[in-house]
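Engineer: Next up is a structure, given as structure tokens.
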Amino acid sequence: MADLKVKICGVELKNPVIAASGTFGFGREFNEVYDISAIGGISTKGMTLLPRLGNPVPRIAEGYGVILNAVGLQNPGVEHFISNDLKFLKDKGVTVIANVAGNTLEDYGKICAKLDGLVDFVELNISCPNVKAGGMAFGIKPESIKAVTSVAKDSLKSTPLMVKLSPNVESIVLNAQAAQSGGADCISLVNTFTGMVVDIERRKPLIANNTGGVSGAGIKPIAVRMVYEAAHAVNIPVIGMGGIMTGEDAIEFMMCGAGAVQVGTANFADVNAMPRIIEEMNNWLDGHGIKDINEIVDTVKLN
Amino acid sequence: MKDLLATVKSNVSIAENIYAITLTLTGPLKNISGGQFVNLSVGEGAMLLRRPLGICKIDGNDLTLCYQVKGKGTKKLTEAKAGDKLKVLLPLGNGFDLNEFNNIAVIGGGVGIFPLIAAIRAYKDKNFYSYIGFRNKAAVCLLEEFEKSKLLTVTTDDGSYGDKGNAVSAYFSDKNRPEADVIIACGPPVMLKVLKEELEKRNFNTPCYVSLEERMGCGIGACLVCTCKKSDGDNARVCKDGPVFNIKNINL
Ligand SMILES: Cc1cc2nc3c(=O)[nH]c(=O)nc-3n(C[C@H](O)[C@H](O)[C@H](O)COP(=O)(O)OP(=O)(O)OC[C@H]3O[C@@H](n4cnc5c(N)ncnc54)[C@H](O)[C@@H]3O)c2cc1C
Ligand SMILES: Cc1cc2nc3c(=O)[nH]c(=O)nc-3n(C[C@H](O)[C@H](O)[C@H](O)COP(=O)(O)O)c2cc1C
Ligand code: FES
């Protein structure tokens, strides 16, 4: 049994496997399948100041080895989370990452202030490609990433700030650096790639929103490349994700410089994906005689 | 709710483009109500999403699902052979709860009849009055499952079997329609929409429960991709809050 504990910004996670935002709700449903205290952490469904009903359906489609989604940030609002779900997650002993989004800089400041001191991390979703009014606008350019990061940071006195980067950008390196210079304590990537699937019989996009965010196994090589580049451009911790389906996939991200990983779409293909991935990571480490997961972080050498 | 590795016992065509697959589970399924469904893995790797299929029949450790070949997942499923292993997450959602009713009108269209079969099978001593519709004669299947109904009307869109028409119009135009304490229905979205309109138009106060379909991600209520609209404007999750809803409470 290898030691799977990792430390990100001074917060200890019992293992590096975190549920990715939007795929795990607030943990209650998966807890009906297995005890979620087994996983390292949960990034909550993306929350906004006020409740949102989200996009029309269909909200999901499938491609080869990938899925597309356009939920449009349906969520009960941050206050509802604080009064209804936070205690449940804390009692489970998982690291709680509040994923948040806003339409304006002011929204980001306000929502961070509400969560300050209550959760283990705030993860800034500046990259959700589905919300017309904001989302993408902040996540594309280094200047706006820096601006939104510093507004959020100013509102967080005691909770570390994680900034989640979009892959639909010109330079992941410049954007990672912009988050760092805006005051991010760590960064996470990647969010989904904007894509489209067409129903050729109706000659219409399958998803009501027309476009959706692509995630799942098929995006992994692009995500690995981006995580490697980002991790080597900043000196704050990086949380890697994008298409992780197995323990070996998670190890690949960690070898590229990720201090922890998030798992999203795999939870749909296999409800038990996260405990399985943790076990597979442990088996791989044992098989290679490695006692501590931290030994593998950032060990890839380019050719 | 559990994810099981089930063994395919048989997988046969029962009508044009419709198959029945029987899976042997590691133990018996208890307390299942019609309308509950499973999330079946059809092609790991390439197809990351599971396919939701209504529970149709349970015999001891054997679970039968009936499916129409629609797209690549159900097409792939037709290739499953006896002895193959498939992952199946079950049971999911809330089914029809008929405990307090005795006289039950059943309205089903196309693949919508499968969850209704499970509802009928779940109750031994109730009176069912069934109205079921198919596209044409080639699509007709599983009529034997409706035979214990006190009354059975079968329709086809083109009149090639039974009465010409559809299940909803057959129900409302039946002059000898028995008094029902509840209506349960499942079928294509347009059928349910017409059913809702007819009930409203006629001021029916018989409670009516319908089973909905929506594209799904997790199947357990966590991802919010399977939303339907409630009449109060809020959202509900088809997979977790449904798939069976009181028709009054949802917009169709
Ligand atoms: C609760 C529930 C119970 C169902 N029960 C049955 C049943 O007993 N028998 C039966 O034949 N069909 C049933 N369906 C519909 C069935 O899920 C779809 O026909 C099937 O998923 C199509 O898959 P595909 O791979 O062939 O099509 P594709 O178009 O290749 O599928 C792509 C994606 O869209 C989804 N999808 C496509 N059509 C539908 C649909 N109508 N509803 C939900 N998801 C869809 C698929 O699950 C998959 O994720 C049910 C649906 C739901 C929601
Ligand atoms: C259905 C769904 C909903 C998502 N919702 C959010 C969200 O609210 N906020 C966010 O930051 N990311 C969201 N994501 C993106 C994931 O958190 C993750 O970044 C992405 O899916 C890539 O990881 P994966 O390939 O393991 O799924 C969502 C993804 C999916 C599939
Ligand atoms: S499919 Fe995920 S909430 Fe219904």
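The values are calculated or read from the model by the stated rules, or taken from the named source; none is laboratory data. In this text the structure is predicted, and so the values were computed from the model without any measurement. Heads up, the Cβs are rebuilt from the backbone with ideal geometry, glycines too, and the neighbour counts pull from every protein chain shown.
Engineer: Got a sec? Which of B:Ala180, B:Ala170 is among the hydrophobic types (A, V, I, L, M, F, W, C), more than 16 Å from ligand 3 (Cβ to nearest atom) and assigned to a loop (DSSP other than H, G, I, E, B)?
Structural biologist: Only one candidate passes the filter, namely B:Ala180.
Engineer: Across region A:37-69, what is the total count of residues that are buried (at least 19 other Cβ atoms within 10 Å of the Cβ), among the aliphatic types (A, V, I, L, M) and within 16 Å of ligand 3 (Cβ to nearest atom)?
Structural biologist: Number satisfying all stated conditions: 6.
Engineer: Hand me the list of helices (runs of 4 or more DSSP H) wholly inside region A:210-281 holding 1 or more residues that are surrounded by 23 or more Cβ atoms within 10 Å (Cβ to Cβ) and away from every other protein chain (no Cβ under 11 Å).
Structural biologist: Output list reads A:220-231, A:247-255.
Engineer: In this structure, is A:Gly102 out of contact with any strand residue (DSSP E or B) (no Cβ under 7 Å at 6 or more places or on another chain) and either away from ligand 2 (no atom under 14 Å from the Cβ) or under 19 Å from A:Leu156 (Cα atoms) (or both)?
Structural biologist: Against the criterion (out of contact with any strand residue (DSSP E or B) (no Cβ under 7 Å at 6 or more places or on another chain) and either away from ligand 2 (no atom under 14 Å from the Cβ) or under 19 Å from A:Leu156 (Cα atoms) (or both)), A:Gly102 qualifies.
Engineer: Can you name the number of the only condition in (1) farther than 21 Å from B:Asp97 by Cβ; (2) more than 16 Å from ligand 2 (Cβ to nearest atom); (3) within 14 Å of chain A (Cβ to nearest Cβ) that B:Glu198 fails?
Structural biologist: Only one criterion is unmet by B:Glu198, namely (3).
Engineer: Go through B:Lys229, B:Lys175, B:Lys148, B:Lys164 for me and flag whichever is more than 30 Å from A:Glu32 (Cβ to Cβ), of a type in the set (D, E, K, R) and modelled with pLDDT of 95 or more.
Structural biologist: B:Lys164
Engineer: Follow-up question, since we're still on this one. Evaluate the following for A:Ser21: is it outside any loop (DSSP other than H, G, I, E, B) and closer than 21 Å to A:Phe81 by Cα?
Structural biologist: no
Engineer: Checking the condition modelled with pLDDT under 95, farther than 27 Å from A:Ala266 by Cβ and aliphatic (A, V, I, L, M), which residue from A:Leu118, A:Leu105 passes?
Structural biologist: Just a single option satisfies the conditions, and that option is A:Leu105.
Engineer: Shifting gears a bit: So, in region B:213-228, exactly how many residues are outside any loop (DSSP other than H, G, I, E, B) and near ligand 2 (Cβ under 9 Å from one of its atoms)?
Structural biologist: 0
Engineer: Can you tell me how many residues within region B:232-250 are near ligand 3 (Cβ under 8 Å from one of its atoms) and more than 16 Å from A:Glu32 (Cβ to Cβ)?
Structural biologist: Residues in region B:232-250 being near ligand 3 (Cβ under 8 Å from one of its atoms) and more than 16 Å from A:Glu32 (Cβ to Cβ): 1 in total.
Engineer: Exactly one condition in (1) within 14 Å of chain B (Cβ to nearest Cβ); (2) within 24 Å of A:Phe253 (Cα to Cα); (3) surrounded by 20 or more Cβ atoms within 10 Å (Cβ to Cβ) is not met by A:Phe26; state its number.
Structural biologist: Tallying (1) within 14 Å of chain B (Cβ to nearest Cβ); (2) within 24 Å of A:Phe253 (Cα to Cα); (3) surrounded by 20 or more Cβ atoms within 10 Å (Cβ to Cβ), A:Phe26 fails exactly one: (2).
Engineer: Still on this structure, please answer the following. Residues that are at pLDDT 95 or above and within 14 Å of chain B (Cβ to nearest Cβ): does region A:86-98 have at least one?
Structural biologist: The answer is yes; a qualifying residue exists.
Engineer: Enumerate the pairs (first residue in region A:138-166 and modelled with pLDDT of 95 or more; second residue anywhere and aromatic (Phe, Trp, Tyr) and not in a helix (DSSP H, G or I)) with beta-carbon separation below 7 Å, excluding pairs fewer than 6 apart on the same chain, so at least 6 apart or on different chains.
Structural biologist: A:Thr159/A:Phe121; A:Pro160/A:Phe121; A:Met162/A:Phe121
Engineer: Here is a follow-up. Which of the residues that make up region B:51-89 are within 14 Å of another protein chain (Cβ to nearest Cβ) and near ligand 1 (Cβ under 7 Å from one of its atoms)?
Structural biologist: B:Arg51, B:Pro52, B:Lys70, B:Gly71, B:Lys72, B:Gly73, B:Thr74, B:Lys75
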